[in-house]
Amino acid sequence: MPEPTAEELARRNRLQILPETVSDQTSTDFPGHWPGENHEWNLEHFRKNFKVQFHSDGTAFLLEKQNHAIPKHRRIDQVFSLIGLDASIANAFRRILIAEVPTLAIEDVFIYQNTSIIQDEVFAHRLGLIPLCADRLSLHNMGWYIKPTEGESNGNELTDENCVILHLQVKCEWKEGGLEKAAKGETNPNELYVNHSVYARDLVWQKHGRQLEWPEDDPVRAVYPDILIAKMRPGQEVIMKLHAYKGIGQDHAKFSPVATASYRLLPTIDILKPIVGADAKKFADCFPPGVIGLDEVTSEDAQKHDELQGKEGELKAVVANPFNDTVSREALRHAEFKDKVKLGRVRDHFIFRVESTGQWDSDELFLQSVQLLKTKAQRIKRGLDLMMK
């Protein structure tokens with residue numbers, strides 16, 4: 001049986017995008033699919049073909065106020081490609097990123113006073129969704145708090161090792177001389193009131209026990225201090241005590257460290273026949289900006305394609321950047337482009353986008369997902385070894 005050609009291997013590695021359907025989406029790299037060919041998984045073959053490409057690094061510069069302004073540089077939006085990987089592994093990374101990387105979030109809210117217009121349960125829910133951050137090593141070493149079920153005592157005790165305590169105490173008052181000094185008809189609350197807005201920066205960490213040893217320059221705080229929690233008017237006050245625990249997104253979405261963790265396959269655009277003149281401009285408009293470029297027809301082009309003879313100097317469509325294509329199929333809906341373009345996707349080229357909520361850098365998050373998947377594989381291997389004994 002002869003070895004498949006490079007063209008045949010490239011064809012196998014493409015999904016075909018048709019006007020209404022997608023074809024060739026079934027994986028073809030498992031043993032026995034192609035008669036006479038060996039597709040058993042091989043570590044050396046994987047090392048040779050696996051690649052990682054980085055495309056962008058969105059860095060956010062956050063100004064966080066504690067006793068003084070602390071500038072923090074966080075890489076919160078990362079786009080990269082994993083090439084030569086099976087879809088099951090790529091999807092495992094995505095699911096682990098969303099559901100299994102631990103973070104810190106507010107779980108229990110003890111309300112001593114809340115005279116704002118926001119109901120207690122809504123206020124507590126808003127507090128739980130505020131992303132918290134602190135020293136990474138300290139949070140990593142935190143223990144897990146297991147709540148006892150109703151009527152049972154199967155949980156564990158709250159300690160300085162598994163619980164972070166925060167306080168929120170804000171009272172809205174009239175600004176000193178606000179009524180007298182304010183201009184007639186003044187409605188700007190900044191000119192009339194003090195503490196009329198409750199922000200995430202008003203959360204104050206209460207150290208206790210071993211937490212006194214945590215780094216002073218990286219305290220427990222809200223990732224984004226300007227998150228607005230509530231608005232108040234003079235005489236209204238909130239006094240609350242908050243317990244934050246370590247958890248994972250599988251238990252509740254507030255523990256998920258990512259706002260977006262997704263991937264897509266690399267689009268491919270093959271122009272089968274030349275597209276020139278007004279059709280070239282129309283063809284370019286069928287795709288997002290920058291995907292299709294317009295070049296002048298040269299004498300060399302005219303020699304290669306009979307359709308281009310006598311059209312030197314006119315514009316022709318060329319594929320400039322298929323990476324940005326959204327695969328809308330718009331080009332397949334026009335009769336003038338029939339049999340002139342072929343759309344597809346590369347089966348083993350996964351373009352990941354990981355947008356962190358700010359507690360972890362996005363590149364660190366992916367490394368954490370790799371480590372967690374490795375741990376899972378080791379656990380399964382130990383279980384299989386025990387079964388074989």
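The values are calculated or read from the model by the stated rules, or taken from the named source; none is laboratory data. Everything numeric in this text was worked out from a predicted model, so none of it was measured. As a convention, Cβ positions derive from the backbone with ideal geometry for all residues, glycine included, and neighbour counts pool all protein chains shown. Surface areas here come from the heavy atoms of the whole protein model, side chains and all, with no ligands, DNA or RNA. Shrake-Rupley method; radii C 1.70, N 1.55, O 1.52, S 1.80 Å.
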Worksheet entry | Answer from E364, E312 - the residue that is under 24 Å from the mean Cα position of the chain (by Cα) and surrounded by 13 or more Cβ atoms within 10 Å (Cβ to Cβ) | E364
Worksheet entry | Contacts under 7 angstrom Cβ, first residue in the stretch 107-129 being part of a helix (DSSP H, G or I), partner small (G, A, S), 6 or more apart | F123/A230; G128/A105
Practice prompt. Return the only residue of K241, K273 being open to solvent by 50 Å² or more (accessible area, probe 1.4 Å) and modelled with pLDDT of 95 or more.
Written response: K241
Discussion item. Quick check on my filter: what residues within the stretch 332-389 are in a helix (DSSP H, G or I), in contact (Cβ under 8 Å) with a residue 60 or more places away in the chain and not acidic (D, E)?
Written reply: L332, R333, F337, S362, L365, F366, Q368, S369, V370, L372, L373
Practice prompt. Give the residue that is surrounded by the fewest Cβ atoms within 10 Å (Cβ to Cβ), with candidates limited to residues of the stretch 1-32 that are closer than 20 Å to D86 by Cβ and of a type in the set (V, I, T).
Written response: T26
